[in-house]
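To start, the structure itself, in structure tokens.
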Amino acid sequence: MNHANNMSTSAIEAEWLEIQAAQQDPALFRPLYERYFETIFRFIYRRVADEALSSDICSKVFLKALQKINGYSFQGVPFSSWLYRLAGNEVAQYYRQQKKKRVVSIEDSHINSIIDTDEPANQEEELQRMIEALDQLKEKDLILIELRFFEERPFKEIAEIIGITESNAKMKTYRALNKLKKFMGHDE
């Protein structure tokens with residue numbers, strides 16, 4: 001689904017060379033922008049469900065990335081991890097400033113990746129239950145669920161985005177998943 005999820009070590013290292021080039025010459029930031037604009041836009045859109053607003057926030061994210069690229073250091077994960085962190089901060093700031101309720105957008109495929117349901121007849125009902133359950137999660141738990149199950153990010157990358165260790169990312173994600181299942185009435 002996302003090429004950034006499955007980046008090889010050599011691709012990540014090649015990308016680091018692109019980042020270093022962009023640190024020397026801002027005009028060389030364009031390939032990074034073009035590679036990640038769509039994924040970051042979708043990430044933001046799922047949180048605000050408004051195309052113009054998503055575009056605006058996404059522009060801010062890439063402007064900040066360009067302004068702060070000299071402070072970026074190689075962490076062994078795709079550059080997108082840093083962009084996701086910037087995007088998450090921008091969305092959180094938007095909600096703080098606007099004092100609006102956050103938005104969660106999910107697709108049917110996400111239900112199956114989170115709960116093992118054999119009854120496709122209940123898909124509509126499950127979707128509604130999941131939306132209500134996601135709404136009950138704390139922001140940090142919601143972000144973990146979104147990154148792992150909606151964005152299909154590896155734990156190493158989630159750890160980098162959130163700023164925690166990889167083992168902590170796994171533990172927190174499974175705790176969040178258990179809370180979600182409990183809110184949905186699927187606790188074992």
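Scanning the range 1-42 for residues being within 21 Å of the chain's Cα centre (by Cα), polar (S, T, N, Q) and modelled with pLDDT under 90 gives a total of 5. Free of Cβ contacts under 8 Å to residues at least 24 places away in the same chain and either within 16 Å of the chain's Cα centre (by Cα) or part of a helix (DSSP H, G or I) (or both): is that true of Pro78 in this structure? When the stated conditions are applied, Pro78 does not pass them. Looking only at residues that are in a helix (DSSP H, G or I) and touching a Ser or Thr at 6+ places or on another chain (Cβ under 7 Å) in the range 41-68, which one is nearest to Glu18 (Cα to Cα)? Looking at residues that are in a helix (DSSP H, G or I) and touching a Ser or Thr at 6+ places or on another chain (Cβ under 7 Å), I get Phe41. Can you name the number of the only condition in (1) within 23 Å of Ala92 (Cβ to Cβ); (2) modelled with pLDDT under 80 that Arg153 fails? Looking at each condition in turn, Arg153 falls short on (2). Scanning the range 107-130 for residues that are surrounded by 13 or more Cβ atoms within 10 Å (Cβ to Cβ) and at pLDDT 70 or above yields Glu126, Leu127, Arg129, Met130.
The values are calculated or read from the model by the stated rules, or taken from the named source; none is laboratory data. Here the structure is a predicted model, which is why all the values come from computation and not from measurement. Cβ coordinates were reconstructed from backbone atoms using ideal geometry, including for glycine residues, and neighbour counts include every protein chain displayed.
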